[in-house]
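FYI, it's all coordinate maths here, none of it is from the lab. Owing to the predicted nature of the structure, the values given are computational and were not obtained by experimental measurement. For neighbour counting, all protein chains shown are included, and Cβ atoms are generated from backbone atoms with ideal geometry for every residue, glycine included.
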Amino acid sequence: MKVDILASGSSGNCIAVRSSQSTILVDVGIAKTKIEKRLLDVGIRPHSIKAVLITHAHADHTKGLPLANKYKIPVFAGRDEWKSIDGVENKWNIIAGNEFQVDDFLVKSFRTHHDAYDPVGYTLTDNEGKVSICLDTGHVDDEMIQAMSNSDIYIIESNHEPRMVEVSDYPDSVKARILSENGHLSNQQTAAALYRLVQGKGEKIILTHLSSKNNMPALAQTTVVKALSKKELKPGKHYEIEVV
């Protein structure tokens with residue numbers, strides 16, 4: 001299994017997950033032409049994509065959906081999330097907690113907590129391993145932990161440092177949204193979730209969706225490393241960590 005982060009952050013998100021047989025995209029939040037170029041840059045032909053999985057309908061996760069129509073790719077999203085998505089020709093409903101097969105991938109969705117109609121995260125499992133993808137969510141609950149447990153790769157947002165949000169020039173309403181239970185994960189929340197998930201068996205952690213104004217890559221990474229050190233887990237020995 002191979003993961004390529006084609007885009008990450010408030011300007012757009014797109015993740016390619018490859019098995020030995022097929023490729024799935026999770027979110028398509030940048031322009032179609034940019035996705036095509038970045039796919040080719042990592043050696044993926046757009047015609048080989050078997051599905052697009054949408055976490056939720058905000059533009060930084062759906063902007064490139066015309067790609068799906070162009071290449072006749074089925075698009076999966078939470079049943080109620082389609083209220084905010086137009087123009088998709090081949091659409092499929094997801095009910096959080098259910099699983100379905102896409103070629104050699106077993107895909108399972110789990111409910112997340114964001115200001116959208118029906119937001120979800122995903123786990124993708126093939127005969128080589130399991131990857132969990134958890135993007136925009138205001139908190140991580142026990143059901144999410146259970147869904148993501150025993151993954152080989154964790155792709156999870158580490159959006160902000162709360163103190164930086166509080167002193168930012170954002171309007172109070174935006175600050176409240178980011179920090180809410182239906183907003184985004186702080187570095188500390190992400191670290192707490194990974195403390196529960198990572199066992200030290202060589203897992204790969206990829207921190208994504210960092211705020212360009214209210215976070216720093218080194219801060220996000222240090223917060224996770226510090227949390228996992230309490231379990232006597234060391235980066236490079238027990239797990240790998242990358243910030244995108």
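Think of the chain as having a plus end and a minus end, set by charges on the Cβ of Lys, Arg, Asp and Glu; of 49, 147, 171, 49 sits farthest toward the positive end of this dipole.
Summing +1 for each Lys or Arg and -1 for each Asp or Glu among the other residues whose beta-carbon sits under 15 angstrom from that of residue 21 gives 0. If you take the charge dipole of the chain about its Cα centre, with +1 on Lys and Arg Cβ and -1 on Asp and Glu Cβ, which of 235, 185, 117 is farthest toward its positive end? It is 235, whose Cα lies furthest towards the positive end. Pull out a ≥ b ≥ c, the square roots of the eigenvalues of the alpha-carbon gyration tensor of region 47-136, then state rounded if a/c is under 1.5, prolate if not and a/b is larger than b/c, and oblate in the remaining case. It comes out oblate by the Cα gyration axes. Placing a label point 7 Å from the Cα of residue 80 along the Cα-to-Cβ direction, none of the residues of region 13-49 has a backbone N under 13 Å of that point. Placing +1 on the Cβ of every Lys and Arg and -1 on the Cβ of every Asp and Glu, with nothing else charged, gives the chain a dipole about its Cα centre of roughly 540 debye. Among the lysines, select those whose C-alpha is under 30 Å from the C-alpha of residue 37, and discard any that sit fewer than 8 residues away in the same chain. Leaving aside lysines fewer than 8 places away in the same chain, those within reach of residue 37 are 2, 50, 63, 70, 72, 83, 91, 108, 130, 204, 213. Less than 5 angstrom separates the built amide H of residue 51 from those of 25, all sequence-distant by 5 or more or on a different chain.
Per-residue extension of 0.36 nm, minus the Cα-Cα distance of residue 2 and residue 172, leaves a gain of 57.2 nm for this segment. Here's how it looks for residue 205: its modeled amide H is under 5 Å from those of 154, 240, 241, 242, which are all 5 or more places away or on a different chain.
Test of understanding: what is the full-extension gain from residue 48 to residue 213, defined as 0.36 nm times their sequence separation minus their Cα-Cα distance?
Separation in residues times 0.36 nm, less the Cα-Cα distance, equals 55.8 nm.
Scalar couplings 3J(HN,Hα) for region 39-53, obtained by applying the Karplus form with A = 6.51, B = -1.76, C = 1.60 to θ = phi - 60°, are 4, 5, 4, 9, x, 10, 7, x, 5, 8, 6, 9, 6, 10, 9 Hz; x denotes Gly and Pro. Take the alpha carbon gyration tensor of the chain, find the square roots of its eigenvalues, order them as a ≥ b ≥ c, and report rounded if a/c is under 1.5; if not, report prolate when a/b exceeds b/c, else oblate. Note, shape of the chain comes out oblate.
Dividing the summed helix terms, -39500 (n - 2.57) for each DSSP H run of n ≥ 4, by the number of residues in the chain produces a 222 nm estimate of -7000 deg cm²/dmol to the nearest 500.
Using 0.36 nm per residue and subtracting the Cα-Cα separation, the extra length available between residue 196 and residue 71 on full extension is 41.1 nm.
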